[in-house]
Amino acid sequence: MAKSTTWRMIAFFWRQLADMKRKLLRIIVALVGVAVASYLVPRITQYVIDQVIPQRAMGTLLGAIALALLLTAVAGLLSGLSTYWIGQVSLHAIARMRDDLFRHTLGLDMRYFETSQTGDLMVVLTSDVNTLQRLISSNTLGLFGSLLSFVVVLVLMIVQDWQLTGLILLTFPILFVLNNIFVRSIRAAYRQVRASSGMMNNQIQQALTSIGLIKSFTTEKMTSTMFQHANARNRDYQLKATKLSATFSPLTDFVNYLGTAIILGFGAIQVMHGQFTVGLIVAYTAYLGILQAPIRQLTGLIQQLQQATVSFERIEALQAASPQIVSPPNAVHLPRFQKQIRFDHVDFSYDEDVPVLHDINFAINKEEVVALVGSSGAGKTTITNLLARFYDPTGGRILMDGIDLRQADLMSLRQQIAIVSQDVILLDGTIQENLEYGTPSASEAAIWQAAEAANIANFIRSLPQGLATQVGERGIRLSGGQKQRIAIARVFLKNAPIVILDEATAALDNESERFVQASFDRLMTDRTSLVIAHRLSTVRHADKILVLEHGQIVEAGNHEQLMAQNGRYKELYDLQFN
Ligand SMILES: Nc1ncnc2c1ncn2[C@@H]1O[C@H](COP(=O)(O)OP(=O)(O)OP(=O)(O)O)[C@@H](O)[C@H]1O
């Protein structure tokens, strides 16, 4: 599994890089340049020691040093350029991937978001993508440069002295095995560190978001003790990882030096027998460094690769999630709503075995107000969810002017529906930005008109910064009623022919309630409304009231008719009235 994921990941990156082949070629040329230069510089050192010094050739010395400097400078320039180019290529690929993933996520069904943890999605969209970014960063791709140098230098060394080269290579398996052991144990350690950091973060997040709860139940001490435990665990795991690193570094240094010792010992004996020069020993010591670098990097890369495959699998899972609620291939563009919305024998369940709506039949004619009443959990919100096509019925159909919603272009449907729900969502930004959300082309006059209609214009005018006042998390605190009226003004601007209202005026005081109610009434005028009614005034004036119980319509009619029936509606009515 892990292996095939690695291949899929490589294939994925290859596709991402497909239109950047010319840049890749430039990078490879630069890296070859670096490899050749890093081979040549020690050769010059060798030449100076073995030829120039014995001959006391001053002119040659200056030339050799100038050449070495020039080569080093060129290698530096090429290496800098390749790092930058690699960064360019990989950052482009990652940015594109992040865009694609975000767009894809926004397009997923409501059901997907309701069944996934927001925290998990955040991890995929941020840290999993970052892990992949690290994998294809300059550091890692730079490994190919080191490998290139490795091969070039190795071949040239073998040609020069295969015996000594063979001896040096003896230390490499030890280095590789040592690295692998380390990588494996440090990975286990870091897994624990990550898990415990995650736990700690969750605790912090939960405490900050439920600070009111903590204070009112005076659970500060309990909460901080719990945090202390998590923090201590995290510290111990970190320490374990640090200990591993601390042990490993000197060990590698020792094995690395073993290589130098071999060159020194073997080389010195050869020099004594006149078969080797001092310069060659110096050059070989430099080459040893060039050979050792990729081995260290390689094990680092294997570690990153393993982390990245875990991330890649999660990203793939997100990519594989495909929305069911989409426009069909030959979608009908819904013209502006004309006559009637009809629920035709609609059944629905969120989970297969728990039916929520059963055989729902009703019609809403143009400019009518249809109210949904019934006890909590009866299915009122679910009906509105189906009308906005956040979900599809599991049985029956919903028609708008005779067109099945599933046949319609989704945009053309949702643009005709405005929703005012109980939880008002204001964005971090100015009042104006909140009002024109979804209608960015609105003129200032239209904005004020909508604000007037929603009974919020006077309040906005009373603010020193007016429409430019910041609201949301970092802005001024608005009352529940003010927030709701901003949301209503937003809906006025959208000017959709159909409104879904979840009248949540219960939480408001009388004064605010009056304001909000007045703007609701204005909103419903000349529009077609489906209202989850909590208040009697709306219910009374509704053209039709549907009484829902356990997902079924048990009574339907207007207020007078239903009162006369003396059934469930009257019971609910009396309950509220008394
Ligand atoms: N996303 C969901 N996934 C699974 N079940 C759900 C989901 N949303 C609602 N339900 C269930 O569907 C049933 C109907 O819920 P719905 O929200 O439509 O009721 P409601 O009449 O609007 O209630 P309330 O007046 O309390 O808002 C309930 O039993 C509820 O638990």
Handout entry: Every pair of residues 6+ apart whose Cβ atoms lie under 7 Å, when the first sits in the range 370-383 and is assigned by TED's automatic domain parsing to the domain that holds residue 548 while the second is within 6 Å of the ligand (Cβ to nearest atom) and among the charged types (D, E, K, R)
Key = 372/380; 374/380
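For the range 96-108, indicate whether the set of residues that are within 16 Å of the ligand (Cβ to nearest atom), farther than 19 Å from residue 14 by Cβ and not assigned by TED's automatic domain parsing to the domain that holds residue 389 is non-empty.
Initial filter on the range 96-108 (within 16 Å of the ligand (Cβ to nearest atom)): 108.
Subset that is farther than 19 Å from residue 14 by Cβ: 108.
Imposing the further condition that a residue be not assigned by TED's automatic domain parsing to the domain that holds residue 389 reduces the set to 108.
Yes - at least one qualifying residue is present in the range 96-108.
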Practice task
May I ask you to list the residues in the range 370-384 that are more than 6 Å from the ligand (Cβ to nearest atom) and surrounded by fewer than 23 Cβ atoms within 10 Å (Cβ to Cβ)?
Solution key: 370, 375, 384
Completion exercise
With the first residue restricted to the range 101-117 and required to be at negative phi, and the second required to be of a type in the set (Phe, Trp, Tyr) and within 11 Å of the ligand (Cβ to nearest atom), Cβ contacts under 6 Å at 6 or more apart or on different chains are 110/390
Exercise for the section: Only residues that are more than 11 Å from the ligand (Cβ to nearest atom) and among the polar types (S, T, N, Q): list them for the range 330-360, please. Expected result: 330, 338, 340
Exercise for the section: For residue 417, indicate whether it is aliphatic (A, V, I, L, M) and surrounded by fewer than 17 Cβ atoms within 10 Å (Cβ to Cβ). Expected result: no
Exercise for the section: Tell me, please, whether a residue that is closer than 25 Å to residue 271 by Cβ, among the small types (Gly, Ala, Ser) and crowded, with 17+ Cβ neighbours inside 10 Å can be found in the range 53-61. Expected result: no
Exercise for the section: Consider only pairs whose beta carbons are under 8 Å apart and that are at least six residues apart or on different chains; among these, list those whose first residue lies in the range 311-331 and is within 20 Å of residue 130 (Cα to Cα) and modelled with pLDDT of 90 or more and whose second residue is surrounded by 15 or more Cβ atoms within 10 Å (Cβ to Cβ) and charged (D, E, K, R). Expected result: 315/128
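Every residue, every condition in (1) over 35 Å from the mean Cα position of the chain (by Cα); (2) among the aliphatic types (A, V, I, L, M), yes or no:
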| site | (1), (2) |
| --- | --- |
| 153 | yes, yes |
| 157 | yes, yes |
| 184 | no, no |
| 204 | no, yes |
Exercise for the section: Output the number of the condition that residue 12 fails; it satisfies all remaining conditions of (1) among the hydrophobic types (A, V, I, L, M, F, W, C); (2) under 26 Å from residue 98 (Cβ atoms); (3) surrounded by fewer than 16 Cβ atoms within 10 Å (Cβ to Cβ). Expected result: (3)
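Among the residues of the range 257-284, which ones are of a type outside the set (Val, Ile, Thr) and crowded, with 17+ Cβ neighbours inside 10 Å?
First, pick out the residues of the range 257-284 that are of a type outside the set (Val, Ile, Thr): 257-259, 261, 264-268, 270, 272-276, 279-280, 283-284.
Matches in the range 257-284: 259, 266, 267, 270, 276, 279, 280, 283, 284.
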Practice task
Would you check which residues across the range 155-181 are touching a residue at least 60 places away in the same chain (Cβ under 8 Å) and buried (at least 17 other Cβ atoms within 10 Å of the Cβ) and list them?
Solution key: 157, 161, 164, 168, 171, 175, 178, 179
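Among the residues of the range 385-428, how many are at negative phi, among the small types (Gly, Ala, Ser) and either in contact with a strand residue (DSSP E or B) (Cβ under 7 Å, 6 or more places away or on another chain) or within 12 Å of the ligand (Cβ to nearest atom) (or both)?
At the first step, the residues of the range 385-428 found to be at negative phi are 385-388, 390-395, 397-400, 403-428.
Checking the rest, the ones that are also among the small types (Gly, Ala, Ser) come to 388, 395, 408, 412, 418, 421.
Of the ones still in play, those that are also either in contact with a strand residue (DSSP E or B) (Cβ under 7 Å, 6 or more places away or on another chain) or within 12 Å of the ligand (Cβ to nearest atom) (or both) are 388, 395, 408, 418, 421.
Selection size over the range 385-428: 5.
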Handout entry: Only listed residue being surrounded by fewer than 15 Cβ atoms within 10 Å (Cβ to Cβ) and part of a helix (DSSP H, G or I), chosen from 41, 29, 48
Key = 29
Practice task
May I ask you to verify whether residue 213 is among the aliphatic types (A, V, I, L, M), modelled with pLDDT of 85 or more and either more than 16 Å from the ligand (Cβ to nearest atom) or not assigned by TED's automatic domain parsing to the domain that holds residue 235 (or both)?
Solution key: yes
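In the set 171, 247, which member is part of a helix (DSSP H, G or I), within 22 Å of residue 261 (Cα to Cα) and touching a Gly at 6+ places or on another chain (Cβ under 7 Å)? Step through it out loud before you land on a result.
Values: 247 fails: touching a Gly at 6+ places or on another chain (Cβ under 7 Å).
So the residue among 171, 247 that is part of a helix (DSSP H, G or I), within 22 Å of residue 261 (Cα to Cα) and touching a Gly at 6+ places or on another chain (Cβ under 7 Å) is 171.
Tell me, which helices (runs of 4 or more DSSP H) lie completely within the range 474-578 with 1 or more residues that are modelled with pLDDT under 85 and more than 16 Å from the ligand (Cβ to nearest atom)?
Details: elements: 480-494, 510-524, 536-541, 559-565, 568-577.
Those helices (runs of 4 or more DSSP H) span 480-494, 510-524, 536-541, 568-577.
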Handout entry: So residue 298, is it surrounded by 15 or more Cβ atoms within 10 Å (Cβ to Cβ), under 25 Å from residue 156 (Cα atoms) and modelled with pLDDT under 85
Key = yes
Completion exercise
Those residues of the range 103-140 which are in a helix (DSSP H, G or I) and modelled with pLDDT under 80 amount to 118, 119, 120, 123, 138, 139, 140
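The values are calculated or read from the model by the stated rules, or taken from the named source; none is laboratory data. Model, not experiment: these values are computed from the prediction. Quick reminder, even Gly has a Cβ in these numbers, built from the backbone with ideal geometry, and neighbours come from all protein chains shown.
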